[in-house]
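Right, one structure below, let's go through it.
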């Protein structure tokens, strides 16, 4: 229904009826909003279905590897880091290919198709490192598609609505993250050969996501620049003729600082998988209920994504981004608290984790999008995502080693202390920058 409504809006966006009944051209900003609203919703639908598939696997993976296949915490940290970081090079390649060919939908579709095939390949992977190789290929597909997809979203709405557009997309994406663990739980409950059944259903759902992309998503050209003059501080940097793309991005005002902030906070971000394992230990949760833990985080993300996206448009995206990491710090401290009923602690941790993602995932892309010239939109977003992914890869390795040598509580205490330091430093630098511009 929403896809059809979006498409019909595309056909009527050129004119509206005035109060006296004659057809009038709407303001350019309204035309852009209505013409591309269907594209944002279509991309959200693709992400929703794809995330159902991905989260079915992600929800069972920690328990499958650590308990089912006997992988050590350090090895799991390395594999989880590989899972998070395998897309690093692919993000840059995907973003650059999409910008050079101006075929963002095609590059994104290739990434979605590769990830779908990997779900089927998990059936043939019987050792931890074979699973790791398949997961690396899956993350490569994610890397290929993420920057072109986010570039399509950014190009599909005006700069002032970036936070709301990414919030809508992330809310739909998170609906899939909410449904995926529930689907995995249902399959594990009903099927005798539970893990293979999860992988098979996940593949079928991923194929549906690829079909939705092919049928309903349109390539968005670079958004036409308004004829009205914008303030100099909000105007994207123009690329000089003959200038290399990565040099142009390095010289883009605000982008290096944003990458540095994302990386500094990313390296002290503990992977969800480790947090879920810590919760499972504290709750002594049976294995079949483990896939339900991501549901709480996904529910918080879903409820807050649009609201925090709109708040970021109004009060500043960097402020909301830092606030999200403060929520993550609260989750660490609550998990370390020696008091409180276990279910209440688990609920609080999951809600704070959802708030963290709602305040950071789409908001970071919304902060980067308006800084970038249209011809380098996907490449620039890929650069920001790569900085964050590399940092989180390093963070997973460090936390896995800390778990082995300090114990789970010691490793989480160290992560909380480092996150607090990084958060204070980032907030201070942001305040200094704001004062220097005033």
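The values are calculated or read from the model by the stated rules, or taken from the named source; none is laboratory data. Small disclaimer: the values here were computed from a predicted structure and weren't measured. Ideal geometry is used to build each Cβ from the backbone, glycine not excepted, and the neighbour counts take in all protein chains shown.
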- Message: Just to be sure before I move on: is residue 339 more than 21 Å from the chain's Cα centre (by Cα) and assigned to a loop (DSSP other than H, G, I, E, B) in the structure I sent?
- Response: yes
- Task: Taking residue 127 as meeting all but one of (1) at pLDDT 80 or above; (2) surrounded by fewer than 19 Cβ atoms within 10 Å (Cβ to Cβ), write down the number of the exception.
- Result: (1)
- Query: How many of the residues making up the stretch 88-142 are within 28 Å of residue 72 (Cβ to Cβ) and under 20 Å from the mean Cα position of the chain (by Cα)?
  - Reply: 14
- Query: Could you give every pair whose Cβ atoms fall below 6 Å, whose first residue belongs to the stretch 64-93 and is within 17 Å of residue 125 (Cα to Cα), and whose second residue is outside any helix (DSSP H, G or I) and modelled with pLDDT of 70 or more, counting only separations of at least 6 or pairs across chains?
  - Reply: 65/71; 80/271
- Scanning the stretch 384-404 residue by residue, the ones that are over 27 Å from residue 253 (Cα atoms) and crowded, with 24+ Cβ neighbours inside 10 Å total 3
- Task: Taking only the stretch 278-292 into account, find how many residues are closer than 20 Å to residue 198 by Cα and not in a loop (DSSP other than H, G, I, E, B).
- Result: 6
- Query: Which of (1) at pLDDT 90 or above; (2) surrounded by fewer than 20 Cβ atoms within 10 Å (Cβ to Cβ); (3) farther than 18 Å from residue 355 by Cα does residue 282 not meet, given it meets every other one?
  - Reply: (1)
- Note on the structure: Scanning the stretch 265-277 for residues that are buried (at least 20 other Cβ atoms within 10 Å of the Cβ) and part of a helix (DSSP H, G or I) gives 265, 266, 273, 274, 275, 276, 277
- Query: Is it true that residue 381 is modelled with pLDDT of 90 or more and closer than 20 Å to residue 317 by Cα?
  - Reply: no
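Can you tell me how many residues within the stretch 139-187 are closer than 14 Å to residue 52 by Cβ and either surrounded by 22 or more Cβ atoms within 10 Å (Cβ to Cβ) or in contact (Cβ under 8 Å) with a residue 40 or more places away in the chain (or both)?
Just the residues of the stretch 139-187 that are closer than 14 Å to residue 52 by Cβ, to begin with: 172-187.
Checking the rest, the ones that are also either surrounded by 22 or more Cβ atoms within 10 Å (Cβ to Cβ) or in contact (Cβ under 8 Å) with a residue 40 or more places away in the chain (or both) come to 172-185, 187.
Summing the residues that are closer than 14 Å to residue 52 by Cβ and either surrounded by 22 or more Cβ atoms within 10 Å (Cβ to Cβ) or in contact (Cβ under 8 Å) with a residue 40 or more places away in the chain (or both) in the stretch 139-187 gives 15.
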- Item | Condition check for residue 380: in contact with a helix residue (DSSP H, G or I) (Cβ under 9 Å, 6 or more places away or on another chain), under 16 Å from residue 273 (Cα atoms) and crowded, with 19+ Cβ neighbours inside 10 Å | no
- Message: For the stretch 1-111, give me every one of the helices (runs of 4 or more DSSP H) that falls completely inside it and has 3 or more residues that are modelled with pLDDT of 85 or more and surrounded by 20 or more Cβ atoms within 10 Å (Cβ to Cβ).
- Response: 28-63, 87-101
- Task: Determine whether residue 166 is out of contact with any strand residue (DSSP E or B) (no Cβ under 6 Å at 6 or more places or on another chain), within 30 Å of residue 292 (Cα to Cα) and at pLDDT 90 or above.
- Result: yes
- Kindly indicate which of 351, 345 is free of Cβ contacts under 8 Å to residues at least 60 places away in the same chain and either in a helix (DSSP H, G or I) or at negative phi (or both). 351
